[in-house]
Amino acid sequence: MNVIDRRLNPSGKSLPNRQRFIRLAKETIKEAVVRSIRERSLGDVENKEVINIPMKRVAEPRLRHASQGGDRDQVFPGNKEFIQGDTLPKPKSGAGEKGSQGAPDGEGDDDFRFTISAEEYLDILFEELELPDLAKTQLKDDATLRYHRAGHSSSGSPSNLNLVRTMRRSLARRISLGRPKPGEMAELEAEIVALEARTARDAEADASLEALKTKRAELNARSRRIGYIDPVDLRYNRFEAKPQPSAQAVMFCLMDVSGSMTEDMKDLAKRFFLLLHLFLRRNYKHVDLVFIRHTSEAKEVDEETFFNSRETGGTVVSTALTEMRRIIDERYSVEDWNIYAAQASDGDNYASDSRTCLTLLNEAILPICQYFAYVEVYDRRQAEIFLSNLNVSELWKDYETVCGDHANFAMKRVFSKADVFPVFHQLFAKARHAA
């Protein structure tokens, strides 16, 4: 005999207990996840995580004896120093002879180590984020099907059997066809037994007994012909699949890879776009990603080229916006698609290109975009200069004029790895868009 374990819980683990623990320690786990995202390499962002949680943050309330005060009656076997009625001196804290030395503050417990899976890690990372204003919906060829109740049928899966309907039809059929009731059969059997028990029976009693036996045979035959449950009685719950309209969106990822972008800046930009990529892939089914890299020229590339190519050159930001608009006109109907864009740059741009960027944003991009996020990245040296002198790039100044006129435009600065996730969270937080 082969026994197959089809339980959902892994061997030796309790999934409900695990989920309960994650809920209890949610804030602590989330803090650890946010810390870890700052330290991970680009290729290690979506792996599982080992989290250390201080024991005092996961300890549950419990009743215990107070360390001081209270009246206590205890028996100490083998006592040679005290007699009944003596008051025992309380030992000083930490004066015990057994056990290892504790910490000076009296708390010496190790941290609790807890491993969360890649799925749980990403759930915690992206649980409060969303694409804003995802409003345009339509029925697609591969639309999601949702099953709705659609009455009853005479055939179906045993798991969908409607017991109430089935028994109701069975009762109606048995009444209409005159199937003997159990009580009626019991009364008839009792009469036959009573007559058979009589020691002296006359001819009339024998005739009655014979008639009762004949009736019993007829009722038994009718009970066999008219079953308690018949296939015609069976009724099953019927479900009908209906296609659900789904929101489809496209996200344009625009990254500056010009010569002014140092390796530190590119790493910050890639971290931002990698988080965006994971967020969209995990939370949304019908979302296209379009990757555009630009120097003095812009071109659409695949994911591998976008994150790993080392191409560089001059800086003309408007080429990325122009390429984005061209792709929208060719492949993404404004009536059917929710259009989003995220741009990362160091703020450097060709001097005469600023007016072109503003014109494209105000007239060609933002009117058809649900949301446009701009992230300006700095390397360590530039971050120190900015924080000391508050120097602002020309592109930032130009974009600030756009931000004031369009509610669907947002801009943030990233100075280090530690800033990437907080900025990403601020740009796509649900609370931000609800406000």
#### Entry: Cα-Cα over 28 Å, subset of LYS26/LYS266; LYS26/LYS242; LYS26/LYS417; LYS270/LYS397
LYS26/LYS266; LYS26/LYS242
### Query
Nearest 20 debye, what's the magnitude of the dipole of the range 248-434 about its Cα centre given +1 on Lys and Arg Cβ and -1 on Asp and Glu Cβ?
680 debye
### Query
Which residues does a label at GLU184 reach in the range 207-223, if reach means a backbone N under 11 Å from a point 7 Å past the Cα toward the Cβ?
219-220, 222-223
### Query
By how many nm would the segment from ALA429 to ARG224 lengthen if fully extended, with 0.36 nm per residue of separation less the alpha-carbon distance?
66.9 nm
### Task
For the range 180-225, build the charge dipole from Cβ charges (+1 Lys, Arg; -1 Asp, Glu) around the Cα centre, then report which of ALA186, LEU209, SER223 sits farthest towards its positive end.
SER223
### Query
Hey, if you put +1 on the Cβ of every Lys and Arg and -1 on every Asp and Glu Cβ in the range 248-434, which of ILE339, PRO422, VAL316 ends up farthest toward the positive end of that dipole?
PRO422
#### Entry: Relative packing of peptides 163-175, 292-304, 262-274 - highest average C-beta neighbours within 10 Å first
262-274, 292-304, 163-175
### Task
Could you look at the range 180-225 and say what percent of its accessible area is carbon and sulfur, using a 1.4 Å probe and all protein chains?
51 percent
#### Entry: GluC sites (Glu not before Pro) within the range 310-344, DSSP loop, no more than 16 other Cβ atoms inside 10 Å
GLU311, GLU335
### Summary
Restricting to Cα pairs under 8 Å and 6 or more apart, the percent relative contact order of the range 248-434 works out to 25 percent
### Accessible-area ranking of LYS90, LYS215, LYS30, largest first, probe 1.4 Å
LYS90, LYS215, LYS30
#### Entry: THR87 accessible area, 1.4 Å probe, all protein chains in place, Å² to nearest 10
120 Å²
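Add +1 for every Lys or Arg and -1 for every Asp or Glu among the other residues with Cβ under 12 Å from the Cβ of GLY259, and state the total.
Around GLY259, the charge tally is -3.
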### Pair LYS397, SER176: separation of 7 Å Cα→Cβ label points (nm)
8.9 nm
#### Entry: Cα centroid separation, the range 242-292 to the range 142-214 (Å)
68 Å
### Task
Please work out how much length the chain gains when fully extended from ASN408 to ASN308, using 0.36 nm per residue of separation minus the C-alpha to C-alpha distance, in nm with one decimal.
33.0 nm
### Task
Work out from phi, with θ = phi - 60° and the Karplus expression 6.51 cos²θ - 1.76 cosθ + 1.60, the ³J(HN,Hα) of each residue of the range 298-304, listed in order in whole Hz, and give x for Gly and Pro.
10, 8, 7, 10, 7, 4, 4
### Task
List the chymotrypsin sites (Phe, Trp or Tyr not before Pro) within the range 179-255 that fall in a DSSP loop (any state other than H, G, I, E or B) and whose Cβ has at most 15 other Cβ atoms within 10 Å.
TYR228
### Task
Would you work out what percent of the accessible area of the range 248-434, with all protein chains in place, is carbon or sulfur (probe 1.4 Å)?
47 percent
### Query
Want the number for SER296 to THR115: 0.36 nm per residue separation, take away the alpha-carbon distance, what's left?
60.6 nm
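The values are calculated or read from the model by the stated rules, or taken from the named source; none is laboratory data. All values derive from a computational prediction rather than experimental measurement. So basically every Cβ, Gly included, is an ideal-geometry build from the backbone, and we count neighbours across all protein chains shown. These area figures cover heavy atoms from the full protein model, side chains too; ligands, DNA and RNA do not enter into them. Shrake-Rupley method; radii C 1.70, N 1.55, O 1.52, S 1.80 Å.
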